[in-house]
Amino acid sequence: MDITRRKFLQFCGQAAILLGLEAWLPKSASAASDGTMPIRFLRHIITADAATSRTIMWQGNVNLSGCALEYRLSGQVRTTQSQPAMTTSLVEDNVTTFFCSVTLNGLTPDSAYEYRIVQKERATHWHRFKTAPPALSSVSALIFCDSQCGGDYGVWQQTFQTAWQRYPQSDFCAILGDLTDNGQSNWHWDRFLAAMGSLPSTRPLAPVMGNHECYGLDWKFCLPRRYLASFSLPPNNSTKFQGCFYAFDYGPIHFIVLNTQELELHELLPGLLERQLHWLKQGTNKKHLPWQVVFMHKDVIAYDEYQLGTHQTGGISDIGHAFMNTFDDLGIDLVLTGHMHTYRNRGHIKNLQPATAGPVYILSGPAGNTQYNVPDDKTYDRSAIYQPTPPNYLTLTATDKELTLTGYTTGGEHIETTTLTK
C-alpha cells in the first residue's frame, strides 16, 4: 500500500534466484543426457471457460523459441497432440526474461489431461491437470490478497502452501493485487513465483493487478509490463488494455476481474477507466450464471486514505464512486477486494443507490508479511478483525443455490463465514 523499502530493493534487486528451475529431460535414450535447458515457474492461467480451455505458461532467462506443448487425455498415449508456444521477451531490471504461452481449446470438460514441454529432442516430465466440469456444477477456490513481501517471501510461501494443504481440492486460486512489492523488480517476481512451488503447474491462477505492479525501481508510477508479460489472460476486446481486466466462468459463477489503478495509470494508460466501464456494461457481463463475483484490488471504502476525486480520507473511495452504481445495475452478488491489508465485512452498502440492496462487499489480506494498523469505519464495517491483521486467506465455495465465503488466518484461526443464498 505505501511506497517504501527503497534501500532493500537496491540491495536485492540484482540477486540471482535459482528456485523454481525444472531440468529438461532427454526425450529418448539417444538424446544427449547432459543437454539441459531450464524452464522456470510453470503455471496455468485461468481462461474464459475453464471447462474447455487452459492456458499454460513458463519462462526462462535463455531464449525459449521453438518450444511446443504436447498434450493428451490421460492414458491415451497414441493420441498426443502438439501446439507451438508463443514466445515473448521482456527486458527490465537489467534482466532479459523469455515468456512462453500456449492456450489449449476444445478440451473435454471434467477430464484428466497430461502435458509436457518439448524443444527439439528435449522434453520435460509429464504433468497433469483436470478441466472443470460443465457449467452450473459446484466450484471451490482459494482467494489471497496482497502477497507482497519485504525482505523475504517466506510468509507468502507459508500462507499459500498452508491454504492448499488444508483445501487441496480447490479448483483454482486468485490473488487480488499487489502480488509483488515492486512491479519492476526481477528479485521480487522470482521470489513471488518461487514461493508457490509446483502447485501452479496443475491448478489455474487468476491474477488481479494491484498498485504495486505499477511501481518502478525508483518507486514512481510505471506501466505494469512485468505483470502483463507474466500472465496471458482472457481477451477483453481491447488491444490497448489487454490483460488489465477480464472475465471468466467457473461452475455457477461468472467472475469479473477489474482494474482499480486509475491513480497510477490514468496518465500512462489514458482511457482505462472509461473503456473498462463500457466493457463492464456490455452483454457478456450481464447475468448468465446464478452468481456474479467481482475481484479487484483497491477497496470501495477510503479507510483514512486520501482520495483525489472526493478530496476526503473517509467514506466511499474514488474506486467505489466509479463502480458501485454499475455493480448495483448488473446485480453483482459479491465484491472481493484487498489493498488495506486487513479483513472487513460491510455487507450491503446502500449509500449510492439506497433503493437497491447491492452486492456484499468483503475486504481481506494480507497474504504476505506487510502489516498495517487500519482504523475501523463504524459507518460501513459490519465486522472487522483485530489489528495488525495476521496473514490470512479466503475460501470460496458455490453451488447454483448457495455461495459461502470463509476467512482464515494462516495460523488456523477462523475469521468469519458469510453465506449467500438464491
Total residues in the stretch 397-418, condition farther than 19 Å from MET340 by Cβ and either surrounded by 21 or more Cβ atoms within 10 Å (Cβ to Cβ) or polar (S, T, N, Q) (or both): 7
Some residue of the stretch 239-251 being crowded, with 20+ Cβ neighbours inside 10 Å, of a type in the set (Gly, Ala, Ser) and in contact with a Lys or Arg (Cβ under 8 Å, 6 or more places away or on another chain): no
The stretch 312-341 residues that are among the basic types (Lys, Arg), paired with ones that are at pLDDT below 95 and assigned to a helix (DSSP H, G or I) (beta carbon under 9 Å, 6 or more apart): none
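Among the residues that make up the stretch 342-352, is at least one of them in the same structural domain as ALA195 (by TED's automatic domain parsing), part of a loop (DSSP other than H, G, I, E, B) and at pLDDT 95 or above? Even if it seems obvious, please write down each step before you answer.
The initial filter retains those residues of the stretch 342-352 that are in the same structural domain as ALA195 (by TED's automatic domain parsing), namely 342-352.
Right, trim to part of a loop (DSSP other than H, G, I, E, B) and you get 342-343, 349-352.
This time we only want the ones that are at pLDDT 95 or above, so: 342-343.
Within the stretch 342-352 (the criterion being in the same structural domain as ALA195 (by TED's automatic domain parsing), part of a loop (DSSP other than H, G, I, E, B) and at pLDDT 95 or above), the answer is yes, since at least one residue qualifies.
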Filter result for the condition that a residue is under 16 Å from the mean Cα position of the chain (by Cα), more than 19 Å from THR337 (Cβ to Cβ) and not hydrophobic (A, V, I, L, M, F, W, C), over SER140, SER147: SER140
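Among residues belonging to the stretch 371-387 that are out of contact with any Pro (no Cβ under 9 Å at 6 or more places or on another chain) and of a type in the set (A, V, I, L, M), point out the one that is surrounded by the most Cβ atoms within 10 Å (Cβ to Cβ). Show your work before the answer.
Going residue by residue through the stretch 371-387, those that are out of contact with any Pro (no Cβ under 9 Å at 6 or more places or on another chain) are 375-386.
Those still in the list that are of a type in the set (A, V, I, L, M) too: 384-385.
Numbers: ALA384: 21, ILE385: 19.
It comes out as ALA384.
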Enumeration of residues in the stretch 191-211 that are of a type in the set (S, T, N, Q), assigned to a helix (DSSP H, G or I) and in contact with a strand residue (DSSP E or B) (Cβ under 8 Å, 6 or more places away or on another chain): SER201
Subset of the stretch 51-106 (residues that are in contact (Cβ under 8 Å) with a residue 40 or more places away in the chain, over 23 Å from the mean Cα position of the chain (by Cα) and assigned to a loop (DSSP other than H, G, I, E, B)): LEU64, GLY66, CYS67, SER74, ASN94, GLY106
Given (1) touching a residue at least 40 places away in the same chain (Cβ under 8 Å); (2) part of a loop (DSSP other than H, G, I, E, B); (3) surrounded by fewer than 19 Cβ atoms within 10 Å (Cβ to Cβ), index of the condition GLY368 fails: (3)
The listed residue being crowded, with 19+ Cβ neighbours inside 10 Å and not aliphatic (A, V, I, L, M), out of PRO270, PRO290: PRO290
Residue list for the stretch 88-107, restricted to those being under 16 Å from GLN184 (Cα atoms) and either surrounded by fewer than 19 Cβ atoms within 10 Å (Cβ to Cβ) or polar (S, T, N, Q) (or both): SER89, LEU90, VAL91, GLU92, ASN94, VAL95, THR96, THR97
Filter result (at pLDDT 95 or above and surrounded by fewer than 19 Cβ atoms within 10 Å (Cβ to Cβ)) within the stretch 49-67: THR52, SER53
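The values are calculated or read from the model by the stated rules, or taken from the named source; none is laboratory data. The shown structure was predicted, so the numbers you read here are calculated from the model rather than taken from an experiment. Positions of Cβ are backbone-derived with ideal geometry, glycine not excepted, and every protein chain shown enters the neighbour counts.
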